[in-house]
């Protein structure tokens with residue numbers, strides 16, 4: 001009877017070692033996935049920060065290089081546009097408001113996306129969309145969402161308080177008659 005008990009104890013010991021080994025392997029795999037996901041989030045946050053640095057420096061070549069060739073930009077309720085379609089508006093903003101800048105309030109990353117809460121500010125120094133400059137300063141808020149693929153912007157969504165900006169520039173909103 002003793003050899004059976006010894007054999008059972010030895011068998012139980014080996015089963016325990018195998019189970020522990022499998023659990024360690026599973027835990028290691030889960031830890032590696034977690035570390036990869038966290039590294040990807042951190043990398044994407046740095047890419048979003050770099051995007052705003054290039055934008056505020058009007059470095060359009062670097063911005064173009066940060067976007068995939070088929071990147072889509074979605075603003076408000078309009079149809080998606082390409083980065084090339086957005087360039088004239090970017091140039092207009094930085095010409096009309098030479099000190100225009102983005103201040104990042106918060107960045108949150110998940111999977112392949114980064115959400116940026118922002119403040120925008122500038123001074124109305126040159127004509128903007130047929131509106132004469134008045135030297136007014138403005139500040140408004142917005143939310144941008146980046147989607148990244150292979151360390152490049154593949155999609156971009158933006159919602160901004162443009163009405164707030166326009167009223168600060170001296171425009172009035174009047175009802176239709």
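Every number here is computed from the coordinates shown, using simple stated rules; none is lab data. Because the structure is predicted, anything quoted here is derived from the model rather than measured. Here the Cβ is made from the backbone with ideal geometry for all residues, glycine too, and neighbour counts use every protein chain on show.
Summary of computed values
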item: Rounded to 5, percent antiparallel among DSSP beta bridges of region 2-168; result: 85
item: Taking only Cα atoms of the chain, radius of gyration then Dmax in Å; result: 26.8, 102
item: Taking the chain and dividing mean pair separation by its residue count, relative contact order in percent (alpha carbons under 8 Å, at least six apart); result: 19
item: Difference of contour (0.36 nm per residue) and Cα-Cα distance, residue 38 to residue 139; result: 33.1 nm
item: Length gained when the stretch residue 132-residue 81 is fully extended (0.36 nm per residue, less Cα-Cα span); result: 15.6 nm
item: Extension gain (nm, one decimal) between residue 59 and residue 171, 0.36 nm per residue minus Cα-Cα; result: 37.3 nm
item: Neighbour-count ranking [beta-carbon atoms within 10 angstrom, fewest first] of 126, 176; result: 176, 126
item: Rounded to 10°, Cα long-axis angle of helix 83-96 versus longest principal axis of the chain; result: 50
item: Neighbour-count ranking [beta-carbon atoms within 10 angstrom, fewest first] of 102, 36; result: 36, 102
